Amino acid sequence: MTTSTNEASLFVIFGGTGDLSRRKLLPALGNLDTEGHLNPRMRVLAVGRRPKTDEEFRQLAKDALGQAGLPSERIEATARRLHYQVLDPGKPEDYRTLGRRLYDLGREHDIPANYAFYLSLPPRAFPLAVAGLGEAGLNQPEGWSRLVVEKPFGKDLASAEKLNALVHQHFQEDQIYRIDHYLGKETVQNLLVFRLANAFIESSWNRERIDAVQITVGENLGVGTRAEYYDHSGALRDMVQNHLTQLLTLVAMEVPSSFSARAIRHEKIKVLQSIAPIEPANVVRGQYTAGELNGQAVRGYLQEDGVAKGSQTETFVAIKLFVDSWRWQGVPFYLRTGKCLPAKTTQIAVRFREAPVGYFKQMGCNQDTADVLTIALQPDEGFIFHLDIKMPGAPLRLERIPLRFNYNEHFEGSLPDGYQTLLLDVLNGDQTLFVHSDEVEGSWRVYAPLLDNPPKIYNYAAGTWGPPEADSLAIPERDLWQKETV
Ligand code: BG6
């Protein structure tokens, strides 16, 4: 969550010509460069299996930067920072060659031995790269060495523990940056500011004042070309264990002792440890069938290319859980996510308790239900607070009005992409928005019983808000499943 970096370093992207690099990482670095956040001597070394010259890679990168909308003069400037190195992840000697290349680039551009290694690799290549870097001594250069890791962090508790143990053989936890791209979203960071900079919010942020919390991540797309991966994963692994749980921990954590990575992550880990075992009856899994989405007919999940016949993988999940802490005892937290829902929306709805005495109801007014604070992350970022006010004139009547704040309307320019924020934090050595190994394991531990014994799966038509059974989890008469966006 820092702003700019003065240290010169070498940023190494494994999988440098891949999709993530072209769509997200290179544009994020290009934008950081354009905004003046990068040290002038900083260089990027893309690593890939196929031989390429620096010039060939620069061409590929320029196309990617152009597609991301960077101005052409800035593209040229960023491209000058880029280099390329061929490497086969399975060949130990290639890591020694990589080490020599880093040394040479360092000498040429007067960069100390500060290395960030971004592993944008398929899971099977990941252990090879970690071991290769470690055995070549690139985990302990003279300056610093940081390892950036993309999800999935395992597919269950056992595999996550194994992965963490492997990484810890070569890198200390304070060198490891596990990316959950949701933590790079501006409103997620704002959630911390919102809670901790506004005393009236934080003093209401507990079971005395809050009735329920609902976290929704809806997607209005199917699994598309990722069906093969997705069919082995499902919504619980793909979205809940990581993104939704990260949001949950930020909402539910105690006030940290300082605004530091260590203190914040410590509090998030405590939330995970406090989650009560989830009742299977409080989980509804769903799978989309053919339906209509964005005005078009779409096929069902079982008809997608790459999905196993009769697959029981969930594309939707709704969960009601409890955080058994002093602050949250008895307050239900609802998590809901799914593919092929009517809208792309990510939001956290916090429902406050109703006024203890319903004066206005007693007077025949339509005093509405409780106040709801909706913090929206997508598609627009901001929040709405719904409150009752008096309508002008007589007789006394109440109306529910929204207090609305929208980032894009208030601040000029577009919000930085999450990767931009996260890459800058890597360069600055700020781990606040990265996932600690204890968080990864703690989160898998919460969902392990559901993964071992998946509850029943229900169908829902594409373009609807999931199986109707999910509605009975919430409290329908209170309209808890919010559908509104900011
Ligand atoms: C990814 C999941 O982590 O997040 C995808 O693997 C999902 O299945 C994506 O579509 C959603 O991210 P965002 O930022 O578009 O909400």
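Bear in mind that the values in this text are calculations on the coordinates, not laboratory data. None of the values given here were measured: they were computed from a predicted structure. We place every Cβ from the backbone using ideal geometry, glycine too, and count neighbours over all the protein chains shown.
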Quiz prompt | Estimated FRET transfer efficiency (ASP54, ARG209; beta-carbon r; R0 56 Å; 0.05) | solution = 0.45
Quiz item: Percentage of Cα-Cα pair distances in the stretch 229-358 greater than 22 Å, rounded to whole percent?
Solution: 49
Practice problem: Note the angle between two axes, namely the Cα long axis of helix 186-197 and the longest principal axis of the Cα atoms of the chain, as a number of degrees from 0 to 90, rounded to the nearest 10. | Solution: 60
Quiz prompt | Dipole magnitude of the chain about its Cα centre (Cβ charges: Lys, Arg +1; Asp, Glu -1), debye to nearest 20 | solution = 320
Quiz item: Which length gain, in nm to one decimal place, applies between LYS270 and GLU354 when the Cα-Cα distance is subtracted from 0.36 nm times their residue separation?
Solution: 27.4 nm
Self-check item: the chain: calculated mean residue ellipticity at 222 nm from DSSP helix runs of at least 4, using -39500 (n - 2.57)
Solution: -9500 deg cm²/dmol
Quiz item: What is the spread of the Cα atoms of the chain along each of their three principal axes, largest first, in whole Å?
Solution: 80, 51, 45
Exercise. Please express the shape of the stretch 362-425 as an equivalent ellipsoid: the semi-axes are the square roots of 5 times the eigenvalues of the C-alpha gyration tensor, given largest first in whole angstrom.
Key: 38, 12, 6
Exercise. Can you tell me the 0 to 90 degree angle between the C-alpha axis of helix 92-109 and the longest principal axis of the chain, rounded to 10?
Key: 90
Quiz item: Hey, which of these cross-link pairs are over 32 Å Cα-Cα: LYS91/LYS151; LYS155/LYS185; LYS62/LYS151; LYS270/LYS309?
Solution: LYS270/LYS309
Self-check item: Sorted by Cβ neighbour density within 10 Å, fewest at the top, the residues CYS365, CYS340
Solution: CYS365, CYS340
Practice problem: May I ask you to evaluate 6.51 cos²θ - 1.76 cosθ + 1.60, the Karplus curve with θ = phi - 60°, for each residue of the stretch 284-300 and list the ³J(HN,Hα) values in order in whole Hz, giving x for glycine and proline? | Solution: 10, 9, x, 9, 7, 10, 4, x, 10, 9, 6, x, 10, 6, 10, 7, x
Exercise. Take the Cβ-Cβ distance between MET391 and ALA297 as r, set R0 to 60 Å, and report the resulting FRET efficiency rounded to the nearest 0.05.
Key: 0.85
Self-check item: Cα centroid separation, the stretch 267-285 to the stretch 420-454 (Å)
Solution: 16
Exercise. Choose one of GLY132, THR225, VAL331: the residue whose Cα lies farthest towards the positive end of the charge dipole of the chain (beta-carbon charges +1 Lys, Arg; -1 Asp, Glu; about the Cα centre).
Key: THR225
Quiz item: For labels at ASN6 and THR97 in the simple 7 Å Cα→Cβ model, what's the distance in nm?
Solution: 3.8
Quiz item: Can you give the charge dipole size of the stretch 4-130 about its Cα centre, rounded to the nearest 20 debye, using +1 on the beta carbon of Lys and Arg and -1 on the beta carbon of Asp and Glu?
Solution: 320
Quiz item: Between rounded, prolate and oblate, where does the stretch 89-173 land on the alpha carbon gyration tensor, with a ≥ b ≥ c its root eigenvalues, rounded for a/c under 1.5, else prolate if a/b exceeds b/c?
Solution: prolate
Practice problem: Could you check what % of the DSSP bridge pairs in the chain are antiparallel, to the nearest 5? | Solution: 55
Quiz item: In a shell of Cβ-Cβ distance under 14 Å around GLU219, excluding GLU219 itself, what net charge do Lys and Arg (+1) and Asp and Glu (-1) give?
Solution: +2
Quiz prompt | Nearest-ten-degree value, helix 437-452 long axis tilted from longest Cα axis of the chain | solution = 60
Quiz item: Considering every pair of different Cα atoms, what Kirkwood radius, in Å, is found for the stretch 306-402?
Solution: 17.0
Self-check item: Signed unit charges on C-beta, dipole axis of the chain, positive-most listed residue VAL167, ILE384, GLY310
Solution: GLY310
Quiz item: What percent does the relative contact order of the chain come to when contacts are Cα pairs within less than 8 Å and at least six residues apart?
Solution: 18
Exercise. Subtracting the Cα-Cα distance from 0.36 nm times the residue separation, let me have the gained length for GLU135 to ALA263 in nm, one decimal.
Key: 42.9 nm
